[in-house]
1. Only one of D334, D300 is surrounded by 17 or more Cβ atoms within 10 Å (Cβ to Cβ) and at pLDDT 95 or above; which?
2. Just to be sure, is T270 modelled with pLDDT of 80 or more and farther than 20 Å from S189 by Cβ?
3. Go through (1) at pLDDT 70 or above; (2) assigned by TED's automatic domain parsing to the domain that holds E312; (3) small (G, A, S) for A400 and report which single condition fails.
4. In segment 447-482, which residues are acidic (D, E) and part of a strand (DSSP E or B)?
5. Go over the candidates G125, G198, G186, G118 one by one and state the one that is out of contact with any Gly (no Cβ under 7 Å at 6 or more places or on another chain), of a type outside the set (F, W, Y), touching a residue at least 12 places away in the same chain (Cβ under 8 Å) and surrounded by fewer than 17 Cβ atoms within 10 Å (Cβ to Cβ).
6. Got a sec? Which of V390, V450 is farther than 25 Å from V327 by Cβ, hydrophobic (A, V, I, L, M, F, W, C) and modelled with pLDDT of 90 or more?
7. Say we look at segment 442-467 and pick out the residues that are touching a Pro at 6+ places or on another chain (Cβ under 8 Å) and among the aliphatic types (A, V, I, L, M); which of these is surrounded by the fewest Cβ atoms within 10 Å (Cβ to Cβ)?
8. Which one of these is crowded, with 20+ Cβ neighbours inside 10 Å and modelled with pLDDT of 85 or more: L81, L113, L132?
Amino acid sequence: MKTALRLTQAIVVIAAVLAQGSPVGAAEGDLAGFKSEIDRFVARLGPSTNGIVKWAGSDPYEIRVEGDALVATITNVRLSLLNEWVDRLTFDRVEIRQTRQKEGGKLVDLAILLPEEGTLDAADGTHIKITLQEARANAVIEAQSGRGRDTAIAIAKARIEHQKTGAWVSFGPLSMTSKLEVEPGGGWSGPVDFELRGIEFFFPQGPAGGAIQRFAFTGKSSGPHFEGVEKLHDALDTLQKGDQEARLGQFRPMLAGMPALFGTAESDATIEGLTVRGAGAEALVSLAKAEIASEVTGLDSDAAAIRFSVREEGLELAPTLLDEGKVPHRVVVDLQLGNLSTAALRNLLEAASQVREDGVADGGREQQQVTQQMLGAIAMLDPVFRIHEVAVDTRDVGIAVTAEARGSPLAPKGYAAGGDLVVRGFDAIPRLGLDVPLAQYLPVLKELGVEAKAPDGTPRVQFHLASAPPSWITINGNDISA
């Protein structure tokens, strides 16, 4: 399954690179200029992808004019990939079509047609066959820099097959869109949407097969100053030149100012309808839905917040893998770190930028001074930690927690924490067979709890926990610090 996802990712990355980084120029039909732009694109493909994808060669380009479009047909395209399991990707034909220009030639429309077949050469010398149906990418890019403004990738159907082992994965349709939008007030936003449906896979080494109904990813970042982002892009392009140590030296001073360019950044990845089957077609694992989401807000204000959540619903495991009573059919972890002083974050990043890879401080400053500056910045953060929800539900036991903590117990002034714990099936906890901290105190803990009932009438045991000096731990008003 891991190999299948990596192969899928490789195809999408390559299509996105071609769509967003393809060369442009010569709108007047200058074929020689168009070819020169392609040559420059090929030369910068490796640096622009941090070495992940490199141009390994092709047959001579065919450049022609079709109506108002410039067309480049590139055959026998060979790309090398920085990956431990695959060395090279080969396509028999890629077509790049440059059509309309917008905003006085500043933006150009491109269409990239991917071939029906390709080959991945694995590191062990074996070949992996790729078959694509109706695979294409469309992009609007900046004529001068080649950066993508609006990209769309679509593949109707695809199949990846390891010819030696018989392992295969198929999927489709696949769609991905990404944009860089300039807003009226000078701000910017960059939404990304990716959806993959109808995934099926089989690995005889397992043996195991299965399917995923849907995998989706959505993301969006935004900020107040598009001009600042453009300057950052220019600086990052410049950093591609020179050796790694020189690039790091140029990049470190930029760290402190980067958060202010991004007001918000959020992402959400979802997988639905996962099924894994064994050799006898018996279901080993099934999952209705799982989701991972993250959100960073307020980077362009006085206080920032970071929120992260993981949710899983409908997990089922075969009894040979885990006893049914211990299977977590539902899991939720939703955490937030808020009230983070952005001024303190800038100070922290500024201090971090003073330290080279060898641990020595730049600018003639002593390492001890830099460390003190970093610790001082951390002390200024004054965060608020929230557990919006942590919940685990098995057949017989359910646990739900909400909590909030302000300040730090290392600095008792202003520190306070409190939370609520609700337990279903309290007496069944020992049967889970888990290493529960202080398990020998469970009977005492139950005595401190408050008996209650859920809306459906089932019994619950409730606990209110609090921590503040001098009573460091209280449960339902009972001080148990000792």
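The values are calculated or read from the model by the stated rules, or taken from the named source; none is laboratory data. Every value quoted in this text rests on a predicted model; they were computed, and no experiment measured them. When we count neighbours, we look across all protein chains shown, and the Cβ atoms used for this are built from the backbone with ideal geometry, even at glycine.
1. Answer to the selection: D334.
2. yes
3. Exception for A400: condition (2).
4. Once the filter is applied, which keeps residues that are acidic (D, E) and part of a strand (DSSP E or B), segment 447-482 yields E451, D479.
5. Details: G125 fails: touching a residue at least 12 places away in the same chain (Cβ under 8 Å); G198 fails: out of contact with any Gly (no Cβ under 7 Å at 6 or more places or on another chain); G118 fails: surrounded by fewer than 17 Cβ atoms within 10 Å (Cβ to Cβ).
The match here is G186.
6. V450
7. A452
8. That would be L132, the only listed residue that is crowded, with 20+ Cβ neighbours inside 10 Å and modelled with pLDDT of 85 or more.
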